[in-house]
Amino acid sequence: MKVLHAAAEVFPLVKTGGLADVVGALPQALVRAGADVRLVLPGLPAIVDAVLHQKTIVELGPLFGAGRIAVRLGTMPYSHVPAYVIDAPYLYRRGGGPYQASDGSEWPDNLQRFALLGWMAAHLASGEIDPDWTPQLLHAHDWHAALACAYMAAHPGNTASSVFTVHNLAFQGLFPQQDFAQLGLPLRYMQSHGLEFHGQLSFMKRAWKYAQRVTTVSPTYAGEIATHEFGCGLDGVIRGRGAEVSGILNGVDGAVWDPAKDSSLTARYSAKDLAGKSRNKAALQKEMGLEVKAGAPLFGVVSRLSAQKGLDLVLAALPALLRQGAQLVLQGSGDPVLEAAFTAAAFAHPAQVAVRIGYDETFAHRLIAGSDVIMVPSRFEPCGLTQLYGLRYGTLPLVRRVGGLADTVVDASEAAVRDGLATGFSFDAATPAALEAALLRAVQAHAQPELWRRLMVTAMAQDFSWEGAAQHYMSLYRSLPGLRQ
Ligand code: ADP
Ligand code: GLC
């Protein structure tokens, strides 16, 4: 089965969040499950520079304002998954991030940049770009690649099926309606059943309409987005797709996240030998200038600082955390108000609160390994990966019971503890009081070493491997016409 994955990010080359982790790991798991998988990626500098053995497949004239475009086929470093790189220097080769300039402003030509990604994915899917490899299925990720489904639907010669995965419905790729003319799509695609979304043009809406199947990254989020509360204005369209929408949980890439082999850590450890975990904690406390104190429950956060992640609740619950003699280490970046508030808290309580504003992959590993609890109090969370990394590292997640957080963490209720199922702490209301109550339960459990050890061991035994997720995707692929083999 030949499957082409289209996405804007891929770990470890370009990453702004969990999408990159998924696009880095899922294709490898699908290959292990027997699929013939390739990627198509925009030629961002980190991608053009790192993809190995690139050879030019085709050169094209100007499209979407790109002067010269070459499509090259190479292999991903580390995973060796084949990847088509769209080298369009005028659109992609620049400093800053994949979607934004260094000052945080959106690139003004994102419409053209991601229309090109979708266009190229669709034309690879129809076999016109690389006649040597024609996929039977295009799997597009998030709004950046969503337009591929529109180009495929508009293309009479296309026989490939399409699957669209929503990693985050809150980012839909909205542009001014008058830019529609630049997309080269038939006019009927701009009508209300097409790309039009409340007077704007929506890349994501089109994929919801025309992909044969739509998935999102957890079963609970798949149900939530069909409601007005979580549907971001698309809940009507989502309900309209009925059973063609499903949720498949993300996994953990064990080659990247494994406390027994992780070279970023001070000491490696496993569920059988947990001694190294406390050495990581002491090292983290020391590195961050906190009081080095084994008995102080250490709460960690690794996150984008955005409204989604509910970190204002952590700020509001901070006095309670401090009163308990607990500690907080946070690494994140984003909303300047949250950055300033957490920085001020660290300044006011240097023995108990430490903050690193920024993005640092290696430190994220040390933080997760060194903390006792990883907090993910999100307002909504399609899947969430940090709680999965926490489980694997014996760092108990404290989460709001939404989306993928609800699907992956078993609250340490009396019954769950008794049955040996508990892996963390969950709360329901998005209020400081609810978070505080869960935090106090975590502090109380931490004071009971035998109970805590049992929770850690249960957490570490959870299997959120990509192999399981890949099997679900394979069955979904096989349910499509022409893909049963
Ligand atoms: P989202 O994709 O919504 O940001 P996820 O939990 O799915 O949330 O994935 C976040 C990914 O980004 C994880 O791999 C996490 O470790 C990483 N991450 C987030 N913020 C930072 C940061 N400041 N430094 C390093 N890694 C980070
Ligand atoms: C998005 C979501 C996150 C999910 C990630 C990978 O960024 O916010 O919950 O884990 O995509 O699917």
**Complete:** Flagged pairs (Cβ under 8 angstrom, 6 or more apart or on separate chains; first in the range 329-345, under 15 Å from ALA316 (Cβ atoms); second of a type in the set (Asp, Glu)) are LEU338/ASP312
**Message:** Out of the residues in the range 1-22 meeting the condition of being farther than 21 Å from ALA115 by Cα and not basic (Lys, Arg), tell me which one is farthest from ligand 2 (Cβ to nearest atom).
**Reply:** MET1
**Lone unmet requirement of (1) under 21 Å from LEU322 (Cα atoms); (2) within 12 Å of ligand 1 (Cβ to nearest atom) for ALA344** = (2)
**Prompt:** Out of curiosity, is GLY247 open to solvent by less than 50 Å² (accessible area, probe 1.4 Å), under 23 Å from ALA345 (Cβ atoms) and either within 16 Å of ligand 2 (Cβ to nearest atom) or in contact with a strand residue (DSSP E or B) (Cβ under 7 Å, 6 or more places away or on another chain) (or both)?
**Reply:** no
**Asked** In the set LEU311, LEU318, LEU298, LEU305, which member is crowded, with 21+ Cβ neighbours inside 10 Å and under 16 Å from ALA369 (Cα atoms)?
**Response** LEU298
**Prompt:** Which one is farthest from ligand 2 (Cβ to nearest atom) among residues in the range 25-47 that are in a helix (DSSP H, G or I) and open to solvent by 10 Å² or more (accessible area, probe 1.4 Å)?
**Reply:** PRO45
**Message:** Just to verify a result, which residue in the range 116-173, among those that are under 23 Å from ASN250 (Cα atoms) and hydroxyl-bearing (Ser, Thr, Tyr), is nearest to ligand 2 (Cβ to nearest atom)?
**Reply:** THR165
**Check on ALA88, open to solvent by less than 10 Å² (accessible area, probe 1.4 Å), within 30 Å of CYS232 (Cα to Cα) and not charged (D, E, K, R)** = no
**Asked** Among the residues of the range 1-24 satisfying the criterion of being in a helix (DSSP H, G or I) and within 21 Å of GLY173 (Cα to Cα), which is nearest to ligand 1 (Cβ to nearest atom)?
**Response** GLY18
**Request:** Sort out which residues of the range 9-51 are touching a Lys or Arg at 6+ places or on another chain (Cβ under 9 Å), aliphatic (A, V, I, L, M) and either within 17 Å of ALA88 (Cα to Cα) or not assigned by TED's automatic domain parsing to the domain that holds ILE86 (or both), and write them in order of number.
**Result:** LEU44, VAL48, VAL51
**Message:** Where the second residue is assigned to a strand (DSSP E or B) and basic (Lys, Arg) and the first is farther than 18 Å from LEU183 by Cβ and lies in the range 130-150, which pairs have Cβ atoms under 8 Å and are six or more apart or on separate chains?
**Reply:** TRP133/LYS2; TRP133/ARG38; THR134/LYS2; PRO135/LYS2; PRO135/ARG38; GLN136/LYS2; LEU137/LYS2
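If you check ALA445 against the conditions, is it part of a helix (DSSP H, G or I), farther than 26 Å from ALA260 by Cα and of a type outside the set (D, E, K, R)? Walk me through it before giving the result.
Values: part of a helix (DSSP H, G or I): yes; farther than 26 Å from ALA260 by Cα: no; of a type outside the set (D, E, K, R): yes.
Judged against the criteria, ALA445 is not a match.
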**Residue in the range 48-60 that is nearest to ligand 2 (Cβ to nearest atom), counting only those that are in a helix (DSSP H, G or I) and touching a residue at least 24 places away in the same chain (Cβ under 8 Å)** = ALA50
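If you go through the range 64-99 one residue at a time, how many are under 13 Å from PRO42 (Cβ atoms) and outside any helix (DSSP H, G or I)? Don't jump to the end; show me each part of the working.
If we filter the range 64-99 for residues that are under 13 Å from PRO42 (Cβ atoms), which is where we start, we get 64, 66, 69-72, 83-94, 97-99.
Restricting the remaining residues to those that are outside any helix (DSSP H, G or I) gives 64, 66, 69-72, 83-88, 93-94, 97-99.
The qualifying residues number 17.
For (1) away from ligand 1 (no atom under 16 Å from the Cβ); (2) closer than 27 Å to GLU381 by Cα; (3) outside the structural domain of ALA348 (by TED's automatic domain parsing), each residue gets a yes or a no:
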position	(1), (2), (3)
ASP262	no, yes, yes
ARG268	yes, no, yes
ALA283	yes, no, no
LEU290	yes, no, no
LYS293	yes, no, no
ALA296	yes, no, no
VAL301	no, yes, no
ARG304	no, yes, no
GLN308	no, yes, no
**Message:** Please verify whether GLY289 is small (Gly, Ala, Ser), assigned to a loop (DSSP other than H, G, I, E, B), over 30 Å from HIS198 (Cα atoms) and within 23 Å of the chain's Cα centre (by Cα), treating the condition exactly as stated.
**Reply:** no
**Asked** Considering the range 289-329 alone, what residues qualify as being in contact with a Pro (Cβ under 8 Å, 6 or more places away or on another chain) and charged (D, E, K, R)?
**Response** LYS309
**Request:** Please determine, by comparing only the residues of the range 350-368 that are in contact with a helix residue (DSSP H, G or I) (Cβ under 6 Å, 6 or more places away or on another chain) and under 23 Å from GLU436 (Cα atoms), which one is farthest from ligand 2 (Cβ to nearest atom).
**Result:** GLN352
**Request:** Specify which of the listed residues (ALA222, ALA267) is open to solvent by less than 30 Å² (accessible area, probe 1.4 Å) and more than 17 Å from the chain's Cα centre (by Cα).
**Result:** ALA267
**Item:** Long-range neighbours under 8 Å by Cβ, at least six apart or interchain, first residue basic (Lys, Arg) within the range 9-25, second modelled with pLDDT of 95 or more and more than 7 Å from ligand 1 (Cβ to nearest atom)
**Value:** LYS15/GLU9
**Request:** Output the strands (runs of 3 or more DSSP E) that fall wholly within the range 100-198 and possess 3 or more residues being open to solvent by less than 50 Å² (accessible area, probe 1.4 Å) and in the same structural domain as THR216 (by TED's automatic domain parsing), or say none.
**Result:** 137-141, 161-166
**Request:** Could you please give the count of residues in the range 84-96 that are under 17 Å from ALA145 (Cβ atoms) and under 23 Å from the mean Cα position of the chain (by Cα)?
**Result:** 4
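The values are calculated or read from the model by the stated rules, or taken from the named source; none is laboratory data. Here the structure is a predicted model, which is why all the values come from computation and not from measurement. Here the Cβ is made from the backbone with ideal geometry for all residues, glycine too, and neighbour counts use every protein chain on show. Ligands, DNA and RNA are excluded from the accessible area calculation, which covers all protein heavy atoms including side chains. Shrake-Rupley method; radii C 1.70, N 1.55, O 1.52, S 1.80 Å.
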